[in-house]
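Q: I have a structure here, written as structure tokens, and I will follow up with some questions on it.
No value in this document is a laboratory result; all are computed from the given coordinates. Predicted, not measured: the structure shown is a model, and the values here were computed from it. Cβ coordinates were reconstructed from backbone atoms using ideal geometry, including for glycine residues, and neighbour counts include every protein chain displayed.
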Amino acid sequence: MRVHGILLSVLAAATMIGPAGAAPAKSSAIIAVDVTRELPVGTYGGLAWRYVEGVIHGEVSTAEPVAGLSGLAAGLATVPYEVAFHIVAPESPAEADAVVVEAPNRGNPILARSLGAPVATAPAQAADAAAAAVVGDGFLLKHRISLAAVQWQAGLPGGPPEAAQGIGEIAVRDFGRWLAGAFRGGSGSAPAPVFRHRVLAGVSQSAWFVNTFLAEGFNADPETGRGVYQGAFTRNGNGVVLAINSFGAGGRQFPYARNDLAPLTPDELLSRSESDPELIDVASLNDFYRLRASLFARAPERPGLHRYATAAPHARGGAASPEVVFETMKCNGGAPVELSTVSDALYLRPLILGLLRVTGDEKAAKGDLPPDAPFKLPPAPADFEGLNRLGATPLWIPQYAPNGAPIGGIPMLEAALPLGLADPPALSPAVIASIGETCGNFSGWRPFPAEELARRYGSRADYLRLARDKAADLVRAGYLLDEDEAAAIRQVEARLPAGFR
């Protein structure tokens, strides 16, 4: 079998790799990796990159704390599973060092889109739609960071069995172990290099999977007790967990949040010092209305946890068409309003790079991450509408400055120099009734007319001068990369109305 760089060549039939003649695992393990497709995706950061997808074949020991596992085992010591995976890695294994493993959101990779520069044109190097969705604008690849994902969600193609959805957690854990060099069997060839630095990441529903994975202790390597992933990155995590495995209700498991379950506190989420990763959580504006994010945001600090908030919505306008939002989902009672398209992508980028620094070999100082940036949160008024309450549990919502932006959080340009108001901050109904009812993830948007912008900022030239000064401050504070300073200014400039001169 011929190997191209670090990757297996594509054969007419998919090639199975694993220890020759491997006996059934007596403990949880990956026993084989089936590569079904690979292709080059271009050059980033001076390196040639390749996309690989396939199937992980594993076994779960019945000793694992997975609900429903014993029923599947039928008296056997292990239960086999198959899950889909993909990897984007350098052609040369010597160039591979760090990898971000995404927990897919409803089966889809969305991390690259969440980090992608909104006003940039995505490089057209990837010749395949699936690979292009994973690569996005190539931001992480440009920084020589590989990307990977393994399917954790039951009920989707390539996912674990629905009867024991915690198998998805085992799959993510053992995929990370495999990326670290385990289960290779001494064969000398594999469809991925060995990565010294590993970060687990998720956005929205998949951030809740990351929380569930950590809270249930699956980040601990069963052989060493140390963390499989040294870092974790969640956007919209907020301490929310999924109703799978031990968090299922009355034995029922489903891959979404429970409306009757409060978010975990940091102490509940990170309770294993030997294996807990360094965790960054970024809350969006809507999360305080739909997801009770204040319960996590106001809880006492926990070592290794870094909390941020942004004025961007959980889901930007454009993530779903207005017809879907207002006609199909009946958000805002079916009455169309303009949706907020404010993006925090540029402000997430220094956070994930900083996370890889603080979990790297040199263990960079905490100061290498920008200071935590939570919102200022006063108690929610008793008569406040549009809030997903939790019985009599007190909740808090962001306090707004005279300029209409929330106080605190990452001081992104759209918050420091707002061009409109998030009105309402979360579309109704802001509930967690099912995986398909996500109205509360969208914010309405009331743009300021040119006359109001002139009253606030003077002229268009005055606004852009203020934006350049603020962007420079953000770079100095670490909330914006130097390479993204110009893009941040272009982002707000593109939103200025034509009549504002």
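Q: Let me spell out the model: positive unit charges on the Cβ of Lys and Arg, negative unit charges on the Cβ of Asp and Glu, origin at the Cα centre of the range 394-501. What dipole size does that give, in debye rounded to 20?
A: Value, rounded to 20: 340 debye.
Q: Near the amide H of I244, under 5 Å away, which other amide H atoms are found, from residues 5 or more places off or on another chain, if H is placed in the peptide plane?
A: Here the answer is F254, since their amide H atoms fall under 5 Å of that of I244.
Q: When the Karplus curve 6.51 cos²θ - 1.76 cosθ + 1.60 is applied with θ = phi - 60°, which whole-Hz ³J(HN,Hα) does each residue of the range 335-350 get, with x for Gly and Pro?
A: 8, x, 9, 5, 9, 5, 10, 4, 10, 10, 3, 5, 8, 7, 4, x
Q: Oh, and also: Summing -39500 (n - 2.57) over the DSSP H runs of n ≥ 4 in the chain and dividing by its residue number, what mean residue ellipticity at 222 nm do you reach, to the nearest 500 deg cm²/dmol?
A: -6000 deg cm²/dmol
Q: Hey, any idea what the orientation-averaged projected area of the convex hull of the range 404-501's Cα atoms comes to, in nm²?
A: Its average projected convex-hull area is 7.6 nm².
Q: Could you compute Rg(Cα) / (2.2 N^0.38 Å) for the range 338-424, with N its residue count?
A: For the range 338-424, the normalised Cα radius of gyration is 1.39.
Q: Evaluate 2.2 N^0.38 Å with N set to the residue count of the range 66-169, then give the Cα radius of gyration divided by it.
A: With N residues counted in the range 66-169, Rg over 2.2 N^0.38 Å equals 1.31.
Q: Also, quick follow-up: Tally Lys and Arg at +1 and Asp and Glu at -1 over the other residues with C-beta under 12 Å from the C-beta of L295: what net charge comes out?
A: Around L295, the surrounding residues sum to +1.
Q: Report the Cα centroid-to-centroid distance between the range 248-284 and the range 394-452 in angstrom, as an integer.
A: Cα centroid of the range 248-284 versus Cα centroid of the range 394-452: 25 Å apart.
Q: Then there is this: At q = 0.23 Å⁻¹, what is the base-10 log of I(q)/I(0) for the range 199-263 according to the Debye formula with one equal point scatterer per Cα and no solvent? Please give it to two decimals.
A: Per q value, in the given order, log10 I(q)/I(0) is -0.93.
Q: Further, regarding this structure: Around Y44, which amide H atoms from residues at least 5 apart in sequence, or from another chain, sit under 5 Å from its own amide H, with H modelled in the peptide plane?
A: Sorted by chain and number, the residues that satisfy this are W49.
Q: Follow-up. Could you tally the net charge around P157, taking each other residue with its Cβ under 15 Å from the Cβ of P157, Lys/Arg +1 and Asp/Glu -1?
A: That works out to -2.
Q: Net charge near A312, counting Lys/Arg +1 and Asp/Glu -1 over other residues with Cβ under 9 Å of its Cβ?
A: In short, -1.
Q: With a bin width of 20 angstrom, please list the P(r) values of the chain as percents of all Cα-Cα pairs, from the 0 bin to the one holding the largest distance.
A: 23, 56, 20, 1
Q: How big is the Cα convex hull of the range 385-432 in projection, averaged over all directions, in nm²?
A: Taking a quarter of the hull surface, the average projection is 4.3 nm².
Q: If you line up the Cα atoms of the range 92-242 on their principal axes, what length do they span on each, largest first, in Å?
A: Result, largest extent first: 42, 38, 27 Å.
Q: Considering amide H positions built from the backbone, and no H for Pro or chain starts, which residues 5 or more places from D423, or on another chain, come under 5 Å of its amide H?
A: G444, W445, R446
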